Amino acid sequence: MKQEKKEAALVCFSGGQDSTTCLFWALENFSSVCAVSFVYGQKHRKETEIAARITRRANVPFELLDVSLLGQLSTDSLTHTGIPMDEEQPEGSYPNTFVPGRNMIFLSFAAILARSKGIRHIVTGVSETDFSGYPDCRDTFIRSLNVTLNLAMDYPFEIHTPLMWRDKAQVWALADELGVFDLVRNETLTCYNGVVADGCGHCPACKLRKQGLEKYLQIKNASN
């Protein structure tokens, strides 16, 4: 449901397809928007450069927080160069691109930042519909954390997840509806290997993005 654009929102922003779509969704739904991104020990820092670039283009204030301790505690392929990336999800397990606690940490720090700015609305691009089985992308987790943050800081946060029930084709459709389809397609960084736009083509994030794009374009072309 569209907000009445009376309040401000803080977007957890990575410069990827999902968070960029959420950034422009927030601009449509809130009176003012700012964004925060994180350094968490990821192999490539290009995503933070892309995030800064997109927020400048959107005229959105941007902050970068260092939570790189997270990468020191985890054993995953996004933060450790010696661990080859799973290109398929292992049966009965999470892919090794899963960084335990990442969304919990990001949203917790985002909430602290939001509270310091007098902002109660936080926007994140997690989705339970098209994801890699990450437990911290589930709606039940977001709802639980929302309650926890409200109790921990005695503050009425509301975490918004506009993509929660959208598959990747529907995310592309939303970007198109918001008028940023070309920007999302050509200037965002979703690839786990740090390749902008269409990416490397073989990491899990690129495969999911490509499948969604092809599905959306088929639907769009069939309706024209």
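The Cα trace of the chain gives Rg and Dmax of 16.7, 51 Å, the first to one decimal, the second as a whole number.
If the segment from residue 219 to residue 143 were pulled out straight at 0.36 nm per residue, it would be longer than the present Cα-Cα gap by 24.1 nm.
If you wrap the Cα atoms of the range 9-102 in a convex hull and average its projected area over all directions, you get 6.9 nm². Once the chain from residue 49 to residue 7 is taken as fully extended at 0.36 nm per residue, the excess over their C-alpha distance is 12.4 nm.
Per DSSP helix of 4 or more residues, -39500 (n - 2.57); summed, then divided by the residues of the chain. What does that give at 222 nm, rounded to the nearest 500? Can you show the working numbers first?
Working: 8 runs with 98 residues, N = 224.
Per the formula, -13500 deg cm²/dmol.
Seen from residue 129, the other residues with C-beta closer than 11 Å to its C-beta sum to a net charge of -1, counting Lys and Arg as +1 and Asp and Glu as -1. The residue list 25, 206, 94 was ranked by how far each Cα lies along the charge dipole of the chain toward its positive end, using unit charges on Cβ atoms, and 25 comes out on top. For a quick check of understanding: with a 1.4 angstrom probe and all protein chains in place, what accessible area in square angstrom does residue 140 have, to the nearest ten? Around 90 Å² of this residue is reachable by solvent. Think of the range 1-78 as having a plus end and a minus end, set by charges on the Cβ of Lys, Arg, Asp and Glu; of 64, 75, 40, 64 sits farthest toward the positive end of this dipole.
Surface composition of the chain: carbon plus sulfur atoms hold 49% of the accessible area, using a 1.4 angstrom probe and ignoring ligands, DNA and RNA.
Sequentially through the range 71-86, phi angles give Karplus couplings (6.51, -1.76, 1.60; θ = phi - 60°) of x, 6, 8, 9, 10, 9, 7, 7, 10, 10, 5, x, 9, x, 6, 5 Hz, Gly and Pro residues having no value and appearing as x. Net charge dipole, the range 1-154: roughly 760 debye, given to the nearest 20, about the Cα centre with Cβ charges of +1 for Lys and Arg and -1 for Asp and Glu. Note on the range 105-224: along the principal axes its Cα atoms extend 49, 31, 25 Å, ordered by decreasing extent.
Distances between placed amide hydrogens fall under 5 Å for residue 63 paired with 35, 36, 37, all partners being 5 or more residues away or on another chain.
Could you please report the charge total around residue 216, scoring K, R as +1 and D, E as -1 over all other residues with beta-carbon less than 13 angstrom from its beta-carbon?
Details: positive: 166, 168, 185, 209, 210, 215, 220; negative: 130, 167, 176, 177, 214.
Here the charged neighbours net out to +2.
Only one residue of 195, 218, 153 has its Cα farthest out toward the positive end of the dipole of the range 131-224, where Lys and Arg carry +1 and Asp and Glu -1 on Cβ, and that residue is 218.
What is the sum of charges, Lys and Arg at +1 and Asp and Glu at -1, for the other residues whose Cβ falls under 15 Å from the Cβ of residue 115? Let's see the in-between values first.
Working: positive: 117, 120; negative: 7, 63, 154, 158.
Neighbourhood net charge equals -2.
Think of a 1.4 Å ball rolled over the protein heavy atoms: the range 46-100 then has 61 Å² of accessible area per residue.
The values are calculated or read from the model by the stated rules, or taken from the named source; none is laboratory data. If you're wondering where the values come from, they're calculated on a predicted model, not measured in any experiment. With ideal geometry, Cβ positions are generated from the backbone for all residues, glycine too; neighbour counts draw on all protein chains shown. With ligands, DNA and RNA removed, areas are computed over all heavy atoms of the protein, side chains included. Shrake-Rupley method; radii C 1.70, N 1.55, O 1.52, S 1.80 Å.
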